[in-house]
Amino acid sequence: MDEKSNLEDAKAREYFGEKKEEETLKLPTEDPGSSTGDPSPEGGQDQHPTRLYKRRWVIVLLFSCYSLSNSYQWIQYGIISNIFVKFYGVSSFTIDWMSMIYMLTYIPFIFPVTWLLDKKGLRVIALVATGLNCAGTWIKVASAQPNLFPVTFLGQFCCSFAQVFILGMPSRLASVWFGSGEVSTACSIGVFGNQLGIAIGFLVPPILVPNVDDLGELAHHIRIMFYITAGVATFLFILVIFIFQERPKLPPTKAQALARNIPPEEYSYLASFKRLLCNKPFILLIISYGLNVGCFYALSTLLNRMIIIHYEDQEVTAGRIGLTIVIAGMVGSLICGFWLDKTKTYKQTTFAVYFMSLVGMIIYAATLNLGHLWVVFITAGALGFFMTGYLPLGFEYAVELTYPESEGTSSGLLNCSAQVFGIIFTISQGRIIDDYGTLEGNIFLCVFLLIGTIMTAFIKSDLRRQNTNRETKQAENCDIPNRKVEGATVIREARF
């Protein structure tokens, strides 16, 4: 071995340390998917190999399905609130809490759940989520009697607890399984399931539970609805047990590969949480996201009440209007996801969608009482396209602003803000509607959407994840391979 090679070996050992001087990289014997790893300039294997697995689409679709099953139950009481008021003999405000319990439960439990996500991973969280959701649906099956409102509330509480294990998952799942050019699309698909569940929650309960006067017949219809929900939840729980996988063998991106290399003992959940709270752009996003999504929660919870005031005996129509809002939002979510993957214009897209949510809310408020349902359908659809389409934008923008912090923690804080504002807005708007009318209640929401739009304009766009992926690739392209020894063993000098 000549002196030049010895000198290069010494430099490599000095840089990497005695135990990390060589890294043996064996090429996989079979192709599990498409590879995103870049070969070294001299034909050696990448120091941080990455690979996309076809199984990632199965994982994200399964997640979307059990998220759907859970979010459907959030609105299944509220969209036919007048029927449940009659069946259980409780007040409208009490039935509003069947939706608000989803928001209230999230606030205290999100922090231990995000800690559990960081410690135990995606599979454990998925199992707990589907298990709790399944249990809640079967409890509700036993509650289809007029004197068993506490039982049905217990079942709804179980489902709301399951939601804590679901809402923060899309961005984490997208980062763990998907490449940098498709994370926004994957996150949109994850949120898509939640939105589709809400859409079904608007559509199906008014069809399955007609507004009849006989309580015995009404109990029969409610029980059928609960049985269908329980059957679907049980099937999805079984699928998660046998199919859902923690993470791919090889990471999908350079950023994810670097995140995997952080030793567990060097990660502190509390320290990460403190860093997030000191991140000023992220704090602005937390508040603005909460204002937008909180308005959506209030609008969805009180939709039946607002429609019935102006269009009597139109429970089914109220459900269809809610369906229109969410379906339009699902389209908006997917379009925004594709757009972000192509352009990476996070701030511009987020601000534009937020501003159009404000415009849509103003138009919806001004046209609700005109007496023309077709106008309400159009304005509600336009509002939903932007307001509901904003959901995945907030998740992905948060991950960009906070990388390399845990996606579960950043998403958890966003959702916590949304739940807090959702409760405040639902209670406040409900009181305003009762005392003054729907126009004043909707103007109340418009004011806070205006505040959120202004705050979004002041968020500094620091795309840390995109910058890390770009800089890592540039650094590896500039790496100088020291030499090749014995087949697939490569020593390379990394300049990160």
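Here r is the Cβ-Cβ distance between residue 154 and residue 431 and R0 is 25 Å; the resulting FRET efficiency, rounded to 0.05, is 0.40. Taking 0.36 nm per residue of separation and subtracting the current Cα-Cα distance, fully stretching the chain between residue 447 and residue 241 would add 69.6 nm.
If you plug the beta carbon distance of residue 278 and residue 345 into 1/(1 + (r/R0)^6) with R0 = 25 Å, you get a FRET efficiency near 0.45. What nm distance separates the two modelled labels at residue 439 and residue 249, each placed 7 Å from Cα along Cα→Cβ? If labels sit at residue 439 and residue 249, their model points lie 6.6 nm apart.
Normalised by residue count, the stretch 218-360 yields a Cα convex hull volume of 211 Å³ per residue. Of the residues 56, 123, ranked by 1.4 Å probe accessible area with the largest first, the sequence reads 123, 56. Label reach from residue 460 (point 7 Å along Cα→C-beta): in the stretch 273-312, amide nitrogens under 20 Å belong to 273-289.
So for the stretch 335-383, what percent of the C-alpha to C-alpha distances run longer than 15 Å?
Numbers: 627 of 1176 pairs.
For the stretch 335-383, the share of Cα pairs beyond 15 Å comes to 53 percent.
Counting 0.36 nm for each residue step from residue 104 to residue 261 and taking away their Cα separation leaves a gain of 52.9 nm. For the stretch 112-186, the solvent-accessible area with a 1.4 angstrom probe is 30 square angstrom per residue. Here the stretch 359-440 has an Rg and Dmax of 16.6, 51 Å, counting Cα atoms alone. Placing a label point 7 Å from the Cα of residue 363 along the Cα-to-Cβ line, the residues of the stretch 377-397 whose backbone N sits under 17 Å from it are 377-390. Between residue 214 and residue 90, what's the calculated FRET efficiency when r is the beta-carbon distance and R0 is 22 Å? Round to 0.05. Efficiency computed from Cβ-Cβ geometry: 0.70. Here the spin labels are modelled as points 7 Å beyond Cα on the Cα-Cβ line, and at residue 373 and residue 309 they lie 1.9 nm apart. Which shape class applies to the stretch 86-146: rounded if a/c is under 1.5, otherwise prolate when a/b exceeds b/c and oblate if not, where a ≥ b ≥ c are the square roots of the Cα gyration tensor eigenvalues? Judged from the Cα gyration tensor, the stretch 86-146 comes out oblate (a/c at least 1.5, b/c at or above a/b).
Enter the Cα centre distance for the pair the stretch 151-166 and the stretch 197-254, rounded to the nearest angstrom. Cα centroid to Cα centroid, the span is 13 Å.
The values are calculated or read from the model by the stated rules, or taken from the named source; none is laboratory data. All values derive from a computational prediction rather than experimental measurement. When we count neighbours, we look across all protein chains shown, and the Cβ atoms used for this are built from the backbone with ideal geometry, even at glycine. The accessibility values were calculated without ligands, DNA or RNA, using every heavy atom of the protein model including side chains. Shrake-Rupley method; radii C 1.70, N 1.55, O 1.52, S 1.80 Å.
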